[in-house]
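Asks: Quick one: the structure is below, and I'll ask about it shortly.
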Amino acid sequence: MCLGIVFDSTPPPNSRRDKVTTVPDINTFLTFKGILSNLKITAIKWNTQGNCIEFTRTDQTTAAVLLFASELPNVIASGHNGQVREDKKWFNVEIWNVRMGTCDYNGLGIYTPQTIYQHLYEVNSENVALNVVMLPWWV
């Protein structure tokens, strides 16, 4: 199981705590809380977006670690606030019936990813609430 900590302001790479000392500090914090003394973080890593991913044992549940969610960001990066979330695998989303422009009668040619992205928002107002992290591409 993994947890992701998304920081409000990501600590710069040169000021992030060392992984070797951070894991024992997190586990000491969890033990100090005393509610679930067998709760352990086995490793952490920083992803390219500046989020901290925490790995736990397979016999632990997300709900057990999320009991301490509000305090974990400060244990990992003192002075930084963030949100703790279960790190779930994301799947590709396939959208049907979007005009790509290749065979259009108006001869505009292939639409760019930016044009398609803009079209998705103009046609579907509900998409404004989505957090799209990558522009569309063709398979």
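All of the numbers you see were taken from the coordinates with simple rules; none came from a lab. This one's a predicted model, so the numbers in the text were calculated from it and none came from an experiment. Neighbour counts are summed over all protein chains in view; Cβ atoms, including those assigned to glycine, are modelled from backbone coordinates with ideal geometry.
Asks: State which residue is surrounded by the fewest Cβ atoms within 10 Å (Cβ to Cβ) when the search covers only the range 12-42 and only residues that are over 12 Å from ALA77 (Cα atoms) and touching an Asp or Glu at 6+ places or on another chain (Cβ under 8 Å).
Replies: So the residue we want is PHE29.
Asks: Could you grab me the full set of residues in the range 51-68 that are surrounded by 16 or more Cβ atoms within 10 Å (Cβ to Cβ) and either under 12 Å from VAL6 (Cα atoms) or charged (D, E, K, R) (or both)?
Replies: Result: ASN51, CYS52, GLU54.
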